[in-house]
Structure formats: structure tokens, C-alpha cells
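The values are calculated or read from the model by the stated rules, or taken from the named source; none is laboratory data. Here the structure is a predicted model, which is why all the values come from computation and not from measurement. FYI the Cβ positions are ideal-geometry reconstructions off the backbone, even for glycines, and counts take in every protein chain you see. Ligands, DNA and RNA are stripped out before the accessible areas are found, and what is left, the full protein with its side chains, is counted by its heavy atoms. Shrake-Rupley method; radii C 1.70, N 1.55, O 1.52, S 1.80 Å.
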Amino acid sequence: MDFTAFTWTREPAACRVEGETLTVVTRPHTDLWQRTYYHFRNDNAPVFQMETEEPYFSFVVKTAFSDSHQRFDQCGVVLYLDSENWLKASVEYENGVFQHLGSVVTNGGYSDWATTEIPASVKSMWYRLSRREDDYCIECSEDGVTFRQMRICHLHKGGGKIRFGVYACSPEDSSFQAEFAHPQLMECQWKAHDGQQPDEP
């Protein structure tokens, strides 16, 4: 696949699509976050998405962010439904020593943030976002071959028609260039659970 079926919800400072590669330049003071802990509400990050009603799929994309340099500079995969219902996964710059690989899930206007520290020397990351109806799995990979689970989550408004894609933003007074490449849409790689059966109603 390529990015021709994607459209912007809020545009970045600059962008360019060349085949399977998207280059984005962020605007300062752009972010996605709702309420929790910080109490502020930020809903101005540009997201580049396509629509689908397919209930089972996986979306894979590679991100590169060698230009990130200011705290919280980030780019990654996103599923943005509206200001109060969305998920994202990214690497967020922290300092010259480490950065945060993590994900945020927002349901009903409240965000959470799950992270792990990784070396600041990491400058690219693959993501695989998988859907099984209104449940989602986010995975990451440094080589695009071996993926490891970051998160399983539920979106209360994540059934039916959704939009998913990529995003990049700079919450502080910063701007950087992010690159997205090799987007792939495929059969769901997150297989049905084969262990404990659901509880009886």
C-alpha cells in the first residue's frame, strides 16, 4: 500500500509523499492528551489516516526520527476517532541519554500513558497495529521482522468504521522532521485467543 488513501486531520508545518514514504515537519506546541494527571487537554496534533470498516486487520509502518531533539518530540502510529477517543504509540524524545517508547489510550476523554525507557541512540521503530473488532494490539520492532507486544487495549467507540494511520507532533517549543515508510495493510496478525474460554453469561 501507499499513502494515497490517507487524509489529514489538521496538517503539519510541511509534508511530502513520495511513493511509500511520507515526510512530515511538525509544528511547535502540538500534542494529543486528555486530562489525566496533567489536567490539560491538548488536541491539535496532525494525524494522517484512512478509513475502514474491516473488523480484523494489521497495519505496519516504519518510523524514523533522527531529527528529534526536544523533550516529547514524537512520531508513530495512531487511531484517532475524535478528541476524546483515540490511541497512539511512539518514541518520545527525553534527552541525550534515553527516550520513552510507549503508548497512550484515551477513552471518554481520559488518557493513560504506558512507557519503557530505551536508549536515545534508537532513531527508528516499526509498529504493528492490529484490530479484532473493538479490541486492539500495538506491537513494535526494531527490524520490521520480529515484533514484540506493547499493549492490548479496548476502545469504547472502536467498533464499526474507524480511522487509523500515523502522526507526528512537538508538544514543546520545537519542530522536527519525521519519516514514515513501507506502510502495509494485511490480514490480522493478532491471532484469536486459544487459552481460557470466556466466562459464561
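Ordered from highest to lowest accessible area with the whole protein assembly present and a 1.4 Å probe, L79, L185 read as L185, L79.
Expressed as a whole percent, how much of the Cα-Cα distance distribution for the chain exceeds 25 Å? Value for the chain (Cα pairs over 25 Å): 31 percent.
Within the chain, what is the longest stretch that has no GluC sites (Glu not before Pro) placed in a DSSP loop and near at most 14 other beta-carbon atoms within 10 Å? Counting only loop sites that pass the neighbour cut-off, the longest clear stretch is 54-132.
For the range 1-96, the calculated P(r) over all alpha carbon pairs, in 10 Å bins from 0 to the bin holding the longest distance, is 12, 47, 33, 7, 0 percent. Evaluating 6.51 cos²θ - 1.76 cosθ + 1.60 at θ = phi - 60° for every residue in the range 160-168, the Karplus couplings come out as x, 6, 10, 10, 8, x, 9, 8, 8 Hz, glycine and proline recorded as x. Remark: accessible surface ordering of F176, F40 (largest first) is F40, F176, probe radius 1.4 Å.
Computed extension length for D82-D194: 37.0 nm, one decimal, from 0.36 nm per residue of separation with the Cα-Cα distance subtracted. Taking the Cα centre of the chain as reference, the dipole from Cβ charges on Lys and Arg (+1) and Asp and Glu (-1) amounts to some 220 debye.
The string of couplings for the range 189-195 from the Karplus curve (6.51, -1.76, 1.60, θ = phi - 60°) is 8, 8, 6, 4, 5, 10, x Hz, one whole number per residue in order, with x for Gly and Pro. Give the lysines whose C-alpha is closer than 25 Å to that of K161, dropping any in the same chain fewer than 8 places away, or say none. The qualifying lysines are K62, K88, K191. Among M125, M50, the order of accessible area from largest down is M50, M125, computed with a 1.4 Å probe on protein heavy atoms. Given a Förster distance of 22 Å, report the FRET efficiency between E18 and D67 from their Cβ-Cβ distance, rounded to the nearest 0.05. It comes to 0.80.
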